[in-house]
Every structure is written in structure tokens, then in C-alpha cells.
1. If you take the residues of the stretch 180-212 that are open to solvent by less than 30 Å² (accessible area, probe 1.4 Å) and of a type outside the set (Gly, Ala, Ser), which of them is farthest from Ala64 (Cα to Cα)?
2. Is it true that Ile55 is of a type in the set (A, V, I, L, M), surrounded by 21 or more Cβ atoms within 10 Å (Cβ to Cβ) and either over 16 Å from Ser121 (Cβ atoms) or in contact with a helix residue (DSSP H, G or I) (Cβ under 6 Å, 6 or more places away or on another chain) (or both)?
3. Taking Ala117, is it buried (at least 21 other Cβ atoms within 10 Å of the Cβ), more than 27 Å from Phe164 (Cβ to Cβ), among the aliphatic types (A, V, I, L, M) and modelled with pLDDT of 95 or more?
Amino acid sequence: MLVRIPVAAASSVGVILRRRITAACLLSTKCSMTSNSLGAAFTTIKEVVSLEKEIKKSKFIAIAGPISSEQSAQLFLSQVRDPRASHNCWAYKVGDQHRSSDDGEPSGTAGKPMLSAICSSGLDRVMVVVVRYFGGIKLGTGGLVRAYGGVTSDCLKTAATCLFKSKVQMGVEVTFDLIGVVYNQLQSCQAEDIKEDYDTGKDGTTMISFKVDFDQVDKLEDAIKSNCKQDLVFFKN
């Protein structure tokens with residue numbers, strides 16, 4: 001999306017756009033982020049998106065991107081902020097971790113409503129930076145809250161999203177005659193990284209280890225037990 005910026009800030013256009021492109025590359029915006037222990041499943045945005053609004057002659061440019069940690073949030077901010085702008089306010093959420101900044105705006109009028117908009121969106125592992133170019137008219141406390149929260153919400157609504165599910169590492173010890181039965185159930189639940197370990201200390205048995213989506217664990221256990229007709233013990237990490 002082409003961002004229009006006031007004439008006074010026109011010299012920053014190329015810098016901002018180059019930074020956004022760099023950020024997109026560094027943050028793997030083709031939805032290659034991996035999930036971790038911060039949540040069993042989460043929805044984030046696929047790529048860097050931006051949205052511009054003019055409110056009482058001030059330009060508000062919201063830039064949102066996927067992040068995976070506090071470190072990547074700091075990197076994203078460094079890539080998209082414009083030092084020539086009046087304010088570079090931001091907020092991010094990574095699981096239970098969240099931070100925000102008013103960057104010189106009156107306390108609670110920028111970062112907090114931005115974070116509230118992120119939380120209300122249902123998205124996770126996401127950061128939004130709102131770059132403001134002051135137009136000469138003060139908006140007041142309520143006006144700033146509406147402006148920053150509104151542009152953040154509207155920006156996130158334009159973003160394509162993707163769902164990530166955590167994988168659970170599991171294992172089950174079975175006799176050789178049940179290997180085929182177990183594999184059939186693993187394939188039906190799209191298990192990954194399937195391995196066999198014959199060093200179990202027991203003749204005629206193997207330990208089959210695999211990874212499966214967290215929401216498939218109970219279904220898979222029940223299916224394997226039912227088809228093997230045994231009350232097998234599963235190991236989980």
C-alpha cells in the first residue's frame with residue numbers, strides 16, 4: 001500500500017518504505033513464524049500492512065507487523081519509526097507479554113488505546129507502530145485516544161491472518177505387530193517427525209515418537225488405543 005505523507009515529511013517517504021520492506025523480510029512475513037510455549041494456538045497477521053488517516057490536519061500512519069518476541073518487536077520498531085515524525089507510538093502483544101508507549105503524547109492517550117485495539121482484535125504476536133505528523137490542531141485527550149485506537153483497529157482489519165497450532169511431542173511403546181496400526185492413525189491425524197526406537201530393553205517392542213497438533217492429542221490417543229485394543233501408555237513432552 002502506498003503511504004501518502006505531508007509535504008513537510010516528503011523526504012521521509014523513501015526511508016519509511018525501505019524500512020517497511022526490510023522489516024517484512026527480517027520478520028518472515030510469509031507466515032513462517034513458529035509457535036512456542038507462549039500459547040497452544042494463536043492467530044497473527046501474515047505480513048506487514050499499513051493504513052493512513054488524516055484527522056484534523058494530522059497524519060496518522062499505522063504500520064502493523066508479525067513479531068515473535070520482545071527482541072523482534074524492538075527490531076520492528078527500529079525499522080519503521082520515522083525520527084522526523086512528531087510521535088512514533090507503539091504497542092505489541094506476544095502471548096501474555098505486552099508493552100506500549102505514548103512517545104511524548106499525553107499519558108494513556110496513545111499506547112494504551114493501541115494495545116486495547118490489538119487485544120480486541122483477537123490477534124497475537126503482533127506489533128503496531130503509529131507514526132503521527134502533527135498538523136497544528138490539538139485533538140484533546142479523547143480525540144487522541146480515538147485517533148490512535150481507531151487507526152490501529154482499522155489497520156489490523158486490513159491484514160490477512162493465519163492460525164498457528166503448537167505441536168505436542170508424544171511417544172508410545174508397542175509390539176511389532178501393532179506398528180502398522182499405529183502408523184495408520186498417525187497419518188490420519190497428520191502427525192509429523194515420526195521415529196522408531198527399538199532400544200527399549202524389551203524384546204519385540206519399539207518406541208514410536210511423533211509430533212501432533214495439540215488439539216489432536218486426545219483424538220489420536222483414543223484412536224490408537226481403540227484400534228490396538230490395548231490400554232497403551234503415552235509419553236508427552
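1. Thr205
2. So Ile55 fails the test.
3. No: the conditions fail for Ala117.
So that you can scan it fast, the table gives a plain yes or no per residue for (1) assigned to a helix (DSSP H, G or I); (2) touching a residue at least 60 places away in the same chain (Cβ under 8 Å); (3) more than 29 Å from Gly95 (Cβ to Cβ):
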| site | (1), (2), (3) |
| --- | --- |
| Val168 | no, yes, no |
| Val172 | no, yes, yes |
| Leu178 | yes, no, yes |
| Tyr183 | yes, no, yes |
| Glu196 | no, no, yes |
| Asp199 | no, no, yes |
| Val212 | no, no, no |
| Val217 | yes, no, no |
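Residue-by-condition table, conditions (1) at pLDDT 95 or above; (2) open to solvent by 30 Å² or more (accessible area, probe 1.4 Å):
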residue: Arg18; (1), (2): no, yes
residue: Ile21; (1), (2): no, yes
residue: Lys30; (1), (2): no, yes
residue: Met33; (1), (2): no, no
residue: Phe60; (1), (2): yes, no
residue: Cys89; (1), (2): yes, no
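The values are calculated or read from the model by the stated rules, or taken from the named source; none is laboratory data. Note that this is a predicted model, so its numbers are computed, not measured. Quick reminder, even Gly has a Cβ in these numbers, built from the backbone with ideal geometry, and neighbours come from all protein chains shown. Keep in mind that these areas ignore ligands, DNA and RNA; they rest on the heavy atoms of the full protein, side chains included. Shrake-Rupley method; radii C 1.70, N 1.55, O 1.52, S 1.80 Å.
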